[in-house]
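The values are calculated or read from the model by the stated rules, or taken from the named source; none is laboratory data. Everything quoted here is computed from the prediction, not taken from an experiment. Every residue, glycine as well, gets a Cβ built from its backbone with ideal geometry; the counts of neighbours run over all protein chains shown. Please note that ligands, DNA and RNA were not included when accessible areas were found on the heavy atoms of the full protein model with its side chains. Shrake-Rupley method; radii C 1.70, N 1.55, O 1.52, S 1.80 Å.
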Amino acid sequence: MAMRDWIWDGGRASVDLVNTLRDRKTGARELLDEADALAEWLRLAELADVTAAQALPYLRAARELRETIDRVLRGQLDEADVDALNAWAARHHQPPLQLRLTPRREPVAHVPAPEEPVASALGAAAADAIKLLLEPSAIRICASDTCGLRFVDRSPARNRQWCSMARCGNRAKARQHYARHKTT
Ligand SMILES: [Zn+2]
């Protein structure tokens with residue numbers, strides 16, 4: 001199956017998750033449309049290496065968590081969302097690193113998989129959103145009329161406008177350029 005057009009410009013896993021609902025300003029396009037998509041996203045986000053069958057029971061919950069994270073990061077704080085976010089964050093569980101020996105008795109690390117890898121991975125995204133909210137980071141929405149992607153603004157002057165210059169910034173500049181030349 002062709003890879004979906006994931007975008008990783010959010011700057012954080014929780015923001016990238018929010019951006020799996022695309023074109024939010026123009027009706028919205030669901031990228032987490034099936035279990036296979038969720039498994040693919042979790043793998044590419046390096047949160048969990050899981051199959052579609054493992055992801056399937058969590059598909060709906062993942063979309064709900066995504067919208068909870070979006071509301072919270074946009075400052076719409078209510079008790080129900082905070083409870084949901086905390087409940088998810090509590091499901092993040094990384095078993096402690098284990099030591100293994102190779103046949104030549106060299107020490108190597110073994111990273112055990114959590115018992116519920118999908119729940120744990122979504123929990124990691126929730127925990128990331130909590131951390132992000134408590135940081136002085138600026139979370140912005142792309143200035144494009146159509147895009148709606150969210151991103152963490154790390155520009156020195158905290159004045160980044162576009163999710164990415166290549167995708168939305170250049171398009172806007174071209175439009176401004178065209179408008180200027182039309183009037184002169
Ligand atoms: Zn954009």
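Looking at Ala126, Ala90, can you tell me which residue is more than 16 Å from the ligand (Cβ to nearest atom) and in contact with a Ser or Thr (Cβ under 8 Å, 6 or more places away or on another chain)? Walk me through how you get there before you give the answer.
On the way: Ala90 fails: in contact with a Ser or Thr (Cβ under 8 Å, 6 or more places away or on another chain).
Being more than 16 Å from the ligand (Cβ to nearest atom) and in contact with a Ser or Thr (Cβ under 8 Å, 6 or more places away or on another chain) holds for just one of Ala126, Ala90, which is Ala126.
Of the residues that sit in region 154-167 and are more than 16 Å from Trp6 (Cα to Cα) and not small (Gly, Ala, Ser), which one is farthest from the ligand (Cβ to nearest atom)?
Of region 154-167, the ones more than 16 Å from Trp6 (Cα to Cα) are 154-162, 165.
Next cut, not small (Gly, Ala, Ser) only: 154, 156, 158-162, 165.
Numbers: Arg154: 16, Pro156: 20, Arg158: 17, Asn159: 15, Arg160: 11, Gln161: 9, Trp162: 5, Met165: 10 Å.
Residue satisfying both the conditions and the ranking: Pro156.
In region 106-120, is there at least one residue being within 16 Å of the ligand (Cβ to nearest atom), in contact (Cβ under 8 Å) with a residue 24 or more places away in the chain, closer than 28 Å to Leu31 by Cα and among the hydroxyl-bearing types (Ser, Thr, Tyr)?
To start, the set of residues in region 106-120 that are within 16 Å of the ligand (Cβ to nearest atom) comprises none.
No: zero hits.
With (1) out of contact with any Leu (no Cβ under 8 Å at 6 or more places or on another chain); (2) assigned to a strand (DSSP E or B) as the list, and Val108 as the residue in question, which single condition is left unmet?
The one condition Val108 does not meet is (1).
Given the criteria touching a His at 6+ places or on another chain (Cβ under 9 Å), in contact (Cβ under 8 Å) with a residue 12 or more places away in the chain and part of a helix (DSSP H, G or I), does Ala172 qualify? If you could, list the steps in order and put the result at the bottom.
Details: touching a His at 6+ places or on another chain (Cβ under 9 Å): no; in contact (Cβ under 8 Å) with a residue 12 or more places away in the chain: yes; part of a helix (DSSP H, G or I): yes.
Against the criterion (touching a His at 6+ places or on another chain (Cβ under 9 Å), in contact (Cβ under 8 Å) with a residue 12 or more places away in the chain and part of a helix (DSSP H, G or I)), Ala172 does not qualify.
Can you pull out the residues in region 129-153 that are open to solvent by 10 Å² or more (accessible area, probe 1.4 Å), within 16 Å of the ligand (Cβ to nearest atom) and either in a helix (DSSP H, G or I) or closer than 21 Å to Glu40 by Cα (or both)?
If the condition is that a residue be open to solvent by 10 Å² or more (accessible area, probe 1.4 Å), within 16 Å of the ligand (Cβ to nearest atom) and either in a helix (DSSP H, G or I) or closer than 21 Å to Glu40 by Cα (or both), then Arg150 is the only one that fits.
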